[in-house]
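Note sheet for the following structure.
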Amino acid sequence: MVGLKTIALLTISNVFMTFAWYAHLRDLKDKPWIIAAFISWGIAFFEYMIQVPANRMGNQVFNLGQLKILQEIITLAVFVPFAVFFMKEKITWNYLGAGICLAGAAFFIFRK
């Protein structure tokens, strides 16, 4: 149960992170970078308020390497729909390749 809560919280946290890091490229591209930075920091505050407890909770059932690989898998799972639906990017085979590499990383980090 702790593992599933961790995954859920990291997913929510990652949605905030993705918007903080990349949404300004679409919505604030005509504004000075400093404005985008402050808005991104504001969004990132909420990301950290979810991510820090998620990692503390997750560390009860996952080791540090597992938490990191889990985070990267979640990042790609959140980023691809964000890129396609919000940023209007085209999906390429590179996304599949990245997913396969992360699946390999998950295999190695989670195997006994």
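Taken together, the values in this text are just the output of simple stated rules run on the coordinates, not laboratory data. For clarity, every value in this text was computed on a predicted model and none was experimentally measured. Note: ideal-geometry Cβ built from the backbone for every residue, glycine included; neighbour counts use all protein chains shown.
Does residue 68 satisfy being surrounded by 11 or more Cβ atoms within 10 Å (Cβ to Cβ), out of contact with any Pro (no Cβ under 6 Å at 6 or more places or on another chain) and of a type in the set (Lys, Arg)?
Yes: the conditions hold for residue 68.
Just to be sure I understand the filter: pairs with C-beta atoms under 6 Å, separated by 6 or more residues or on different chains, first member in region 23-46 and without any contact (Cβ under 8 Å) to a residue 60 or more places away in the chain and at positive phi, second member surrounded by 11 or more Cβ atoms within 10 Å (Cβ to Cβ) and assigned to a helix (DSSP H, G or I). Which pairs pass?
none
Answer yes if at least one residue in region 69-83 is assigned to a loop (DSSP other than H, G, I, E, B) and of a type in the set (Val, Ile, Thr), and no otherwise.
No - not one qualifying residue is present in region 69-83.
Any idea how many residues of region 1-40 are over 12 Å from the mean Cα position of the chain (by Cα) and under 30 Å from residue 106 (Cα atoms)?
8
Considering only residues that are assigned to a helix (DSSP H, G or I) and surrounded by fewer than 16 Cβ atoms within 10 Å (Cβ to Cβ), which ones fall in region 52-65?
52, 53, 56, 64, 65
Among the residues of region 73-112, write down those that are free of Cβ contacts under 8 Å to residues at least 12 places away in the same chain, of a type in the set (Phe, Trp, Tyr) and under 21 Å from residue 11 (Cβ atoms).
Scanning region 73-112 gives 85, 107.
So residue 63 passes all but one of these: (1) over 22 Å from residue 105 (Cβ atoms); (2) more than 16 Å from the chain's Cα centre (by Cα); (3) of a type in the set (S, T, N, Q). Which condition number does it fail?
Residue 63 satisfies every listed condition except (1).
Out of the residues in region 15-51 that are under 16 Å from residue 87 (Cα atoms) and among the charged types (D, E, K, R), state the one that is surrounded by the fewest Cβ atoms within 10 Å (Cβ to Cβ).
For region 15-51, the residue satisfying everything is 30.
With the condition kept exactly as written, say whether any residue in region 7-29 is more than 28 Å from residue 91 (Cα to Cα), among the aliphatic types (A, V, I, L, M) and assigned to a helix (DSSP H, G or I). Before the answer, list the steps.
Initial filter on region 7-29 (more than 28 Å from residue 91 (Cα to Cα)): none.
Checked region 7-29: no residue is more than 28 Å from residue 91 (Cα to Cα), among the aliphatic types (A, V, I, L, M) and assigned to a helix (DSSP H, G or I).
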